[in-house]
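Okay, structure first, notes after.
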Amino acid sequence: MSKKRIVTGDRPTGKLHIGHYFGSLVNRVKMQDEYDQYILVADVQALTDNFNNPEKVRNNVKELVIDYLSCGIDPEKTCIYIQSMIPETAELTVFYSNLVTISRLQRNPTVKTEIAQKKELFGESVTYGFLGYPVSQAGDITVLGGEIVPAGEDQEPLIEQCREIVRKFNSIYGEVFKEPEIYLSQNKRIKGLDGNEKMGKSLGNAIYISDSEEEITKKIMSAVTDPNRIKKDDKGNPDICMVSYYHKLFSSEQECKTVCEECKAGKRGCVQCKKELAANTIEFLRPMREKREYLEAHPEIIEKVLREGTAKAKKEAEETMKKVKKAMKLDYFCD
Ligand code: TRP
């Protein structure tokens with residue numbers, strides 16, 4: 001039996017943090033064995049809200065791929081490619097744009113939230129490109145024949161819209177595409193160092209996969225603990241302490257148990273607790289840091305991965321577009 005095709009990706013707009021690691025990267029590393037996995041570096045989509053900052057997008061493409069490879073995404077198993085180098089996607093997006101109304105895009109909950117968050121960039125009036133990015137994302141997925149899209153909850157409205165486009169396309173031009181399904185990550189969202197529900201760059205509360213030992217220690221020493229615990233022998237509540245929360249990610253079960261018991265009994269100082277967590281976090285991320293160091297010293301590896309991945313994805317996209325053009329009666333010449 002042939003493996004099912006996964007298409008997923010990220011906008012290259014910043015370094016990945018441990019929220020990305022536990023939320024999606026571990027899944028991708030697991031899934032690359034059972035699925036035919038394609039991961040796109042969504043540079044075109046990144047430009048929809050960074051059109052005035054091409055440097056930023058460009059620099060983050062390499063960073064993103066280094067993050068992928070250092071976390072265990074294996075280019076022998078997963079095809080990693082650059083979105084802008086698949087012009088077939090742009091072509092398919094134009095065809096799809098006839099099948100989507102403006103009001104439907106304006107009602108897309110993810111797009112709606114993002115527009116509200118980007119008042120500074122867009123003012124009162126959003127661009128055509130940003131409003132339309134769900135159409136282009138439908139292009140990304142379907143031009144590669146994506147069947148499964150592993151993603152977070154925020155991507156659900158985008159996948160739903162993609163499914164609608166596919167149904168409309170198939171009903172007008174004939175069955176060309178499969179409706180992709182979202183595979184929702186079961187892993188819960190990782191909270192920030194400050195206790196915020198979300199870890200994010202703009203919130204300044206993230207531990208990055210690429211953080212140095214010093215950075216990790218500094219960040220963990222500043223993590224939010226039980227505010228009612230002032231003296232070392234005050235009884236603490238580990239349930240509202242970020243240090244205890246991260247111990248569960250990076251420390252052994254036995255250590256977590258000890259942390260919890262000693263904290264509740266007032267037998268453990270927060271400073272000591274943070275030092276232990278920092279040491280474990282540093283160890284946990286060590287192999288990724290080492291891999292990153294190696295890749296940074298060998299940029300030709302990144303280039304090769306992207307070159308080969310993009311060539312492979314492009315071939316697939318070309319095949320799809322032949323079918324699309326035939327179905328849409330745009331196949332003018334016989335070769
Ligand atoms: N929208 C995704 C994000 O913001 C990135 C993305 C672009 C994507 N094209 C995709 C994800 C196709 C899954 C499939 O992270």
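What is the Cα centroid distance between the stretch 13-27 and the stretch 237-298, reported in whole angstrom?
Between the Cα centres of the stretch 13-27 and the stretch 237-298 lies a distance of 18 Å.
Round to the nearest 10 and give me the degree value, 0 to 90, for the angle of helix 133-143's Cα axis relative to the longest principal axis of the chain.
70
Once both axes come from the Cα atoms, what is the angle between helix 270-297 and the longest principal axis of the chain, in degrees from 0 to 90, rounded to 10?
Between the helix axis and the principal axis of the chain, the angle is about 40 degrees.
In vacuo Debye scattering of the stretch 29-106, one point per C-alpha: log10 I(q)/I(0) at q = 0.12, 0.15, 0.27 Å⁻¹?
Reported log10 I(q)/I(0), two decimals: -0.48, -0.70, -1.19.
Give the calculated FRET efficiency between LEU249 and GLU76 to the nearest 0.05, with a Förster radius of 22 Å applied to their Cβ-Cβ distance.
Working from the Cβ atoms, E equals 0.20.
Hey, what angle do you get for helix 54-70 against the long axis of the chain, alpha-carbon based, 0 to 90 degrees rounded to 10?
Tilt relative to the chain: about 70 degrees.
How long, wide and thick is the stretch 213-293, going by the Cα atoms along their three principal axes, in whole angstroms, largest first?
Its Cα atoms span 43, 24, 17 Å along the three principal axes.
Sorted by average packing, counted as other Cβ atoms within 10 angstrom per residue and highest first, what order do 174-187, 272-285 take? Please report the intermediate quantities before stating the final value.
Numbers: 174-187: 15.5, 272-285: 18.8.
Per-residue mean Cβ counts within 10 Å order the peptides as 272-285, 174-187.
If each residue of separation counts as 0.36 nm, what is the full-extension length gain between LYS30 and ILE102 once their alpha-carbon separation is subtracted?
Gain on extension, LYS30 to ILE102, equals 22.1 nm.
Give me a comma-separated list of calculated 3J(HN,Hα) values for the stretch 196-212, in order, Karplus coefficients 6.51, -1.76, 1.60 applied at θ = phi - 60°, integers in Hz, x for any Gly or Pro.
Each residue's phi maps through the Karplus curve to give 4, 4, 10, 9, x, 4, 5, 8, x, 10, 10, 9, 8, 4, 8, 4, 6 Hz.
Going highest first, how would you order 47-55, 310-318 by mean Cβ packing within 10 Å?
Highest-to-lowest ranking by the protection proxy: 310-318, 47-55.
I'd like the Karplus ³J(HN,Hα) series for the stretch 215-230: coefficients 6.51, -1.76, 1.60, θ = phi - 60°, whole numbers in Hz, and an x wherever there's a Gly or Pro.
5, 4, 4, 4, 5, 5, 5, 9, 5, 6, 10, 4, x, 7, 9, 9
Two decimals is fine: what's Rg over Rh for the chain, C-alpha atoms, Kirkwood radius as Rh? Mind showing how you got there, number by number?
Values: Rg = 22.6 Å, Rh = 21.9 Å.
For the chain, the value is 1.03.
Going by amide H atoms built from the backbone, whose H comes under 5 Å of the H on VAL41, apart from near neighbours?
Residues meeting the criterion, in which the H sits 1.01 Å from N, are TYR81, ILE82, GLN83.
Could you point to the residue in ALA278, GLY14, ILE73 farthest towards the positive end of the chain's charge dipole, with +1 and -1 charges on the Cβ of Lys/Arg and Asp/Glu respectively?
Final value for the positive-end residue is ALA278.
Tell me which GluC sites (Glu not before Pro) from the stretch 116-149 have a DSSP coil assignment and no more than 14 other beta carbons within 10 Å of their own. Each step should come with its number before you reach the end.
On the way: sites: GLU120, GLU124, GLU147; in loops: GLU124, GLU147.
Answer by residue number: GLU124.
Say each of ASP234 and ILE301 gets a label point 7 Å from the Cα, pointing the same way as Cα to Cβ; how far apart are those two points in nm?
4.7
Translational diffusion coefficient of the stretch 138-197 at 37 °C, 0.692 mPa s, Stokes-Einstein with Kirkwood Rh over Cα pairs, in µm²/s as a whole number.
Result for D is 254 µm²/s.
To the nearest 20 debye, what is the magnitude of the charge dipole of the stretch 213-293 about its Cα centre, counting +1 on the Cβ of each Lys and Arg and -1 on the Cβ of each Asp and Glu?
Here the size comes out at about 160 debye.
As a test of understanding, state the convex hull volume per residue of the stretch 40-172 from its alpha carbons, in Å³.
Taking the convex hull of the Cα positions in the stretch 40-172, it is 123 Å³ per residue.
Which value, in debye to the nearest 20, describes the size of the charge dipole of the chain about its Cα centre when Lys and Arg Cβ atoms bear +1, Asp and Glu Cβ atoms bear -1, and nothing else is charged?
Computed about the Cα centre, the dipole is about 540 debye.
Quick note: the coordinates plus some simple rules give every number you see, no bench work behind them. Since the structure is predicted, the reported quantities are computational estimates derived from the model, not experimental observations. Please note: Cβ atoms are built from the backbone with ideal geometry, for glycine as well, and neighbour counts cover all protein chains shown.
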